[in-house]
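Have a look at the structure that comes next, please.
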Amino acid sequence: MSCKILNDIILIGIILTLLYIILIPLVLMMYFKSGISITNTNMPTVI
């Protein structure tokens with residue numbers, strides 16, 4: 001019983017870590033893109 005709970009906790013931790021690894025760069029890229037587009041409205045966006 002306790003072994004299964006421990007395995008579930010480890011699995012959830014791995015899934016959350018993978019989500020953070022995937023989501024944080026995406027959020028940062030979106031944030032920088034929006035920041036660049038706001039500051040340089042007259043310049044065309046290359047990315």
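The values are calculated or read from the model by the stated rules, or taken from the named source; none is laboratory data. Keep in mind that this is a model prediction, so the values were computed, not measured. Don't worry about glycine lacking a Cβ; one is built from the backbone with ideal geometry, like all the others, and counts go over all protein chains shown.
Report yes if some residue within segment 12-32 is at pLDDT 85 or above, surrounded by 10 or more Cβ atoms within 10 Å (Cβ to Cβ), β-branched (Val, Ile, Thr) and over 15 Å from the mean Cα position of the chain (by Cα); otherwise report no.
Looking for residues that are at pLDDT 85 or above, surrounded by 10 or more Cβ atoms within 10 Å (Cβ to Cβ), β-branched (Val, Ile, Thr) and over 15 Å from the mean Cα position of the chain (by Cα), one finds at least one in segment 12-32, hence yes.
Based on this model, can you work out whether residue 42 counts as modelled with pLDDT of 70 or more and among the polar types (S, T, N, Q)?
On the way: modelled with pLDDT of 70 or more: no; among the polar types (S, T, N, Q): yes.
Taking the combined requirement at face value, the residue does not satisfy it.
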